[in-house]
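These notes are about the structure you will find just below.
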Amino acid sequence: SAVISQKPSRDICQRGTSLTIQCQVDSQVTMMFWYRQQPGQSLTLIATANQGSEATYESGFVIDKFPISRPNLTFSTLTVSNMSPEDSSIYLCSVGHSNQETQYFGPGTRLLVL
Amino acid sequence: GEDVEQSLFLSVREGDSSVINCTYTDSSSTYLYWYKQEPGAGLQLLTYIFSNMDMKQDQRLTVLLNKKDKHLSLRIADTQTGDSAIYFCAESPAGGGNKLTFGTGTQLKVEL
């Protein structure tokens, strides 16, 4: 399985500011995803991070609010823009390969917006 | 769209077996997964099953799949206090390189 790290592991932010979360994998992966887990809730996919092109967003999520970069096959960033308290969540990146069965998750970034 | 449901809570005594259930609606689900989330941690992949199987065993874990009823279960034998966590089932139409749709999560509490 891949070793996935995320930075920061947690943060407390003021409303109206933006936070960029980094996801680093120890090996090249085909697919990288960003999920959100709101307090006490399940995980919801925000977007698929595509290497060298714009991310593919799920319904209800837009690029202006959650810009994503993926400059190579081992790294991606998610920015949470113009934050409000409703953005307080755990943000998790995950990785997989298009020809494999498994998807692995990073440790998550715990965000609290005041 | 896809819908994956789980019961919210399960409490068992240490040493007993735990059975966590999951139902899904998407008939095109090809892979079904069980993840474990301990407090303050990310998601750990426990096991998964391909839709052409009806059972998979991995040490203390047994996964049963009833594809006709779209019902998945995870049995943990000899449950220990370290098994206390939230367990999520998830489904994918085409494996790990695709979007996972998660269930609501089941909080397992193991009592002494």
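Quick rundown of the values:
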quantity	calculated
For q = 0.19, 0.21, 0.23, 0.26 Å⁻¹, Debye-computed log10 I/I(0) when each Cα of region B:56-112 counts as one equal scatterer	-0.85, -0.99, -1.11, -1.21
Mean Cα-pair separation over length for chain B, i.e. relative contact order, pairs under 8 Å, 6 or more apart, %	38 percent
Chain A, relative contact order in percent, only Cα pairs under 8 angstrom and at least six apart counted	36 percent
Per residue, the convex hull volume that the Cα atoms of region B:8-112 enclose (Å³)	95 Å³
Share antiparallel - DSSP beta bridges, chain A, percent rounded to 5	90 percent
Gyration tensor over alpha-carbon atoms, chain A, equivalent ellipsoid semi-axes in Å	22, 14, 13
Nearby lysines by direct alpha-carbon distance to B:Lys109 (threshold 19 angstrom, same-chain neighbours under 8 apart not counted)	B:Lys36
Globularity ratio of region B:48-88, using Cα Rg and 2.2 N^0.38 Å	1.26
Average other protein chain Cβ within 10 Å of Cβ, residues A:27-40	2
Cα principal axis extents for region B:1-68, largest first, Å	36, 25, 20
Kirkwood hydrodynamic radius over Cα pairs of the protein assembly as shown, then Stokes diffusion coefficient at 20 °C and 1.002 mPa s, in µm²/s	119 µm²/s
Neighbour net charge for A:Glu86 - beta-carbon separation under 13 angstrom, K R +1, D E -1	+2
Sites B:Leu61 and B:Ala41, calculated FRET efficiency, Cβ-Cβ separation with R0 25 Å, nearest 0.05	0.85
Built amide H within the under 5 Å cut-off of B:Thr30, gap 5+	B:Ser92, B:Ala94, B:Gly95
For residues of B:44-54, the mean tally of beta carbons on other chains within 10 Å	1
For region A:36-114 and region B:71-96, distance of Cα centres in Å	23 Å
Residue-wise HN-Hα coupling along region A:48-57, computed from phi with Karplus coefficients 6.51, -1.76, 1.60 (Hz; x: Gly, Pro)	9, 8, 9, 5, x, 8, 5, 5, 9, 9
Backbone HN-Hα couplings from phi across region A:3-18 [Karplus 6.51/-1.76/1.60, Hz, Gly and Pro as x]	9, 10, 10, 10, 9, x, 6, 7, 7, 10, 10, 8, 4, x, 8, 10
Amide H contacts of B:Thr47 (H built 1.01 Å from N, under 5 Å, at least 5 apart or other chain)	B:Trp34
Beta bridge orientation in chain B: antiparallel %, DSSP, nearest 5	90 percent
DSSP beta bridge pairing in the protein assembly as shown, given as percent antiparallel to the nearest 5	90 percent
Neighbouring partner chain Cβ atoms per residue of B:59-66, average, 10 Å criterion	0
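Values quoted throughout were computed directly from the atomic coordinates according to the rules given, and no laboratory measurement underlies them. On a predicted model such as this, the values are computed, not experimentally measured, just so you know. Note that each Cβ is placed from the backbone with ideal geometry, even for glycine, and that neighbours are counted across all protein chains shown.
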